[in-house]
1. Using helices alone, I'd like the mean residue ellipticity at 222 nm for the chain: each DSSP H run of four-plus residues gives -39500 (n - 2.57), total over residue count, nearest 500.
2. Would you grab the residues whose amide H sits under 5 Å from the one on F50? Only those 5+ places off in sequence or on another chain, please, with H modelled 1.01 Å from N.
3. Any chance you could run the full-extension gain for E296 through E110? It's 0.36 nm times the residue separation minus the Cα-Cα distance, nm to one decimal.
4. Could you state how much accessible area S109 has, in square angstrom rounded to the nearest 10, with a 1.4 Å probe and all protein chains kept in place?
5. Given a Förster distance of 22 angstrom, what is the FRET efficiency for Q10 paired with D72, based on the Cβ-Cβ distance and rounded to 0.05?
6. How would K178, K285 rank on accessible area, largest to smallest, probe 1.4 Å?
7. Amide H to amide H, which residues 5 or more places from A127 or on other chains are under 5 Å from it, using H placed in the peptide plane?
8. List, in order, the whole-Hz ³J(HN,Hα) value for each residue of segment 102-115 obtained from phi through the Karplus relation with A = 6.51, B = -1.76, C = 1.60 and θ = phi - 60°; use x for Gly and Pro.
Amino acid sequence: MRQLNEDIRQQNFRQVYLLYGQERYLRRQYRDKLKNALCQEGDTMNTHFFEGKDVAVGEIVDLAETLPFFADRRVIFITDSGLFKSGGEKMAEYLSNPSESAYFVFTESEVDKRSKLYKAVQAKGYAAEFGEQDENTLKRWAAGILARENMKITESTVQLFLGKTGTDMENIQMELEKLICYCIGREVVTAEDVEAVCTVRISNHIFDMINAIAAGQQRRALELYYDLLALKEPPMRILFLIARQCNMLLQVKELGARGFDSRAIAPKIGVPPFVAGKYLGQAAKFKSAALRGAVEKCVEAEEAVKTGRMNDKMSVEILILSVL
């Protein structure tokens, strides 16, 4: 992000930018920053947008080879094309020697760093990865947004808030907007405010459900399941999330047993360190054999539904009861 901000500040632009990674909010934010810096406001003649996996590379190349109309550059934005996973060879070939007036901004959730297109971007421009932000960064960011509205939040309250929202910055922003509207006219956001208006993410429900299972709280685990059903979550998606959580806990437990701490585990399972810390704590409540058995029972429950031996709602109920 520092490099992108420096390029924009100095107006010293690369011909090609790739913005990729899990954090959708930051990808979109920096795409818009580059758009505002590279393009003249309202210039639809020299600003072009392509989105989706059916983008026509030939059409993009033809546009790039067309001189800009009364402007210094023609800017082409390409979003979620999948070209960095497969089919990007022609684009990579063009980027090795593009028209001097053509500029490209790619925005992708996933890329293959071994691909010819990724290497072409590295050679000709700049690739910026936007991963999930750590807990302290998210706390400062949330507090900063509230401060602009002349509102304050305590350390414990922002911790509660992030516990409900998860680490997705787009979701955090939406929940902050709700909080700001709810607390208008007041200086301090309280825990009661967070509990009143902030929506708990589905993954948090699953985490709490696994905690209830670990504590032998059958009624609580079922209540959380019925809450998810009331929110119109399909039973098979809930089953998938339970299976994923149990599998994640099994990985974390095995890594912890080998001496890895939360910071070392985080990149191996693709989560921020503070989330890995939570998983370590939850995994400690189970034996490895119990977690393996839970994963196997999830597979059996899915098979029972697909073969018609049991309906989906009941299969998850029995699963929750059987792993207690």
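1. Values: 16 runs with 193 residues, N = 324.
So the helix-based figure for the chain works out to -18500 deg cm²/dmol.
2. F77, I78, T79
3. Values: separation 186, 0.36 × 186 = 66.96 nm, distance 2.97 nm.
Net length gain for the segment: 64.0 nm.
4. Looks like 60 Å² after rounding.
5. On the way: r = 16 Å, r/R0 = 0.72.
That gives a FRET efficiency of 0.90.
6. Working: K178 75, K285 115 Å².
Descending accessible area places them as K285, K178.
7. Under 5 Å from the amide H of A127: L18.
8. 9, 10, 10, 10, 9, 10, 9, 7, 10, 9, 9, 5, 8, 5
The values are calculated or read from the model by the stated rules, or taken from the named source; none is laboratory data. If you're wondering where the values come from, they're calculated on a predicted model, not measured in any experiment. Every residue, glycine among them, receives a Cβ derived from its backbone with ideal geometry; neighbour counts consider all protein chains shown. Just so you know, the surface numbers come from the protein's heavy atoms only, side chains and all, with ligands and any DNA or RNA stripped out. Shrake-Rupley method; radii C 1.70, N 1.55, O 1.52, S 1.80 Å.
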